[in-house]
Amino acid sequence: MVTPVSRSRHRPRAVRVAVAEIPLSTRRTTRQQQTAPAPAAAEPAVPGHFLCPISLDMMRDPVTAPTGITYDRASVEGWLDRGHSTCPVTGRPLRAEDLIPNHATRRMIQEWCVANRALGVERVPTPRVPVSAADAAELLAAVPAAARRGDGSACRQLAARARALGKESERNRRCLAAAGAARALSSAFGQHVDRLALTALTATGALEEILAALVLFFPLDEESRRHIASPASLDATVSIMSRGDATARATAAVVLREIASSCDAECLDAMCEADGIHEALVKLLEKPVSPPATKAALVTAYYLVQHADHRAASRLLELGIVRLLVELLVDADKGTTEKALAVLDSLLLTEEGRGDACAHALAVPVLVKKMQHVSDMATEFAVSALWRLCKNDGFSGGEIEGTCKAEALQVGAFQKLLLLLQVGCMGVTKERASELLRLLNGPRSGVECIESVDFKGLKRPFLFILNLLGASGTEEMPCPFGRLLCPPKLQS
């Protein structure tokens, strides 16, 4: 008779020892891996009648066309904005005014989202009803009417309502703009100024609210610009930019920038004659309230200097704008640097501007620094400004009479100009960089140049640069803006 033997007795001894030597923690980890949790449940499939036929996404604001097809509002309005005039599914004529909100489908979508919340589905919020063309026209007609009555409180509330609707959605903004929001608001601003005393208007906050709403509907047409550029309206805007709170000052600066950048000669004439505008612009540079306000002040100053035949330049120079621009350029961002260099280059057309720049210890070093690694526009203005300074800095008999050339050489302008020509620049910038090299080449032997490491980037022989300079001529270079009908457009 065979005695039954347990399975463990037949296991080889080596195997039994190996199992016994496995740490308990390792065996538990292996056991946990074998019993891993099941994967999470997949997201529920969206019912087909909840999907927009255009985007194939779940509709958030369903609207029904006269053809009986339901779309998401954003998708079908985008379809119509791209120039289409038919229903995407049926091909029948379709207008934006014919779309009707489908509240039943929207509620069904929201109920389905709530029922599947545990599976990670978020509820679709109830969309706000967009403003209609009739409602927009009624609202905009009420704003100047309140201004004519001198009702500052009502005018402020109506302008705030228009601004809130415009910020609510792009569709509302376009609808209000098409209904003449810019003209209505600018007209209300002018009528308000003419109707009441400035102190009473400032107390109600109507003017500030109108300007804040007006910013949403840029660009302004000619009629809107003329309303704001009237003498009384300009005085009110400048007053807000000088004495308002930070938000109001920034808004007023942006409005003036919009008018100045239009290159409207009549508006620019009125701005140049406005009392206190130059002081207000310099104050924004001296005590900034926000980056957009600083950039707007620079753009406005640029167009005033370009337009006013040194009148605006003389006033700004008296207020010490060169010092502010140089100090601003030390650590400014790209946009601010471009605009500040443009203003500085325009001011250096005058002898007073060049004198103020030469007297500032940082002017030449900052210009040399900004010739590279900012942007093409910054390079153009920096080279032009340095050219204006060095060209009027006397040199004779091997002795440096002025300080600009010496400072430019000491901070490495000669090397940077060589690199600039090596990398490549076009037009007036290339011509002025070449002439700057000729101006600096004479006194170069008597001045110790720093930043010689910049020569590491040169690949072509130095003789190439000398040949380039010899072929360029020595006649006076034309103004960089002479080939344009108006000054270069500074981006806001």
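Some observations on this one:
- Prolate/oblate/rounded call for segment 199-323, Cα gyration tensor, a/c under 1.5 rounded: oblate
- Modelled spin labels at Cys113 and Phe218, positioned 7 Å past Cα toward Cβ, are 3.4 nm from each other.
- Measuring between alpha carbons in the structure, the pairs from Lys339/Lys416; Lys339/Lys391; Lys287/Lys391; Lys167/Lys369; Lys283/Lys405; Lys339/Lys405 lying more than 29 angstrom apart are Lys287/Lys391; Lys167/Lys369; Lys283/Lys405.
- Under the simplified labelling scheme, the Arg123-Asp81 pair shows an inter-label distance of 2.9 nm, with each label point 7 Å from Cα along Cα→Cβ.
- Cα-based shape type of segment 95-134, given that a ≥ b ≥ c are square roots of the gyration tensor eigenvalues and the cut on a/c is 1.5: prolate
- With all protein chains in place and a 1.4 Å probe, the accessible surface of segment 94-173 carries 51 percent carbon and sulfur.
- With 0.36 nm allotted per residue and the present C-alpha distance subtracted, the Ala137-Ala361 stretch has 74.9 nm of extension available.
- Rounded to the nearest 20 debye, dipole of segment 209-277 from Cβ charges on Lys, Arg, Asp, Glu: 300
- The peptide list 307-318, 404-415, 45-56, put in order of mean Cβ contacts within 10 Å with the highest first, becomes 404-415, 307-318, 45-56.
- Sites Arg148 and Thr247, calculated FRET efficiency, Cβ-Cβ separation with R0 30 Å, nearest 0.05: 0.65
- FRET efficiency for the Glu352 to Asp235 pair, using the beta carbon distance and R₀ = 30 Å, is estimated at 0.65.
- Label-point gap, in nm, between Asp376 and Thr90 - each point 7 angstrom along Cα→Cβ: 5.1
The values are calculated or read from the model by the stated rules, or taken from the named source; none is laboratory data. Everything numeric here is computed off the predicted structure, so don't read it as measured data. Here Cβ is always computed from backbone atoms with ideal geometry, including for glycine, and neighbour counts include all displayed protein chains. The area values use the complete protein model at the heavy-atom level, side chains included, leaving out ligands, DNA and RNA. Shrake-Rupley method; radii C 1.70, N 1.55, O 1.52, S 1.80 Å.
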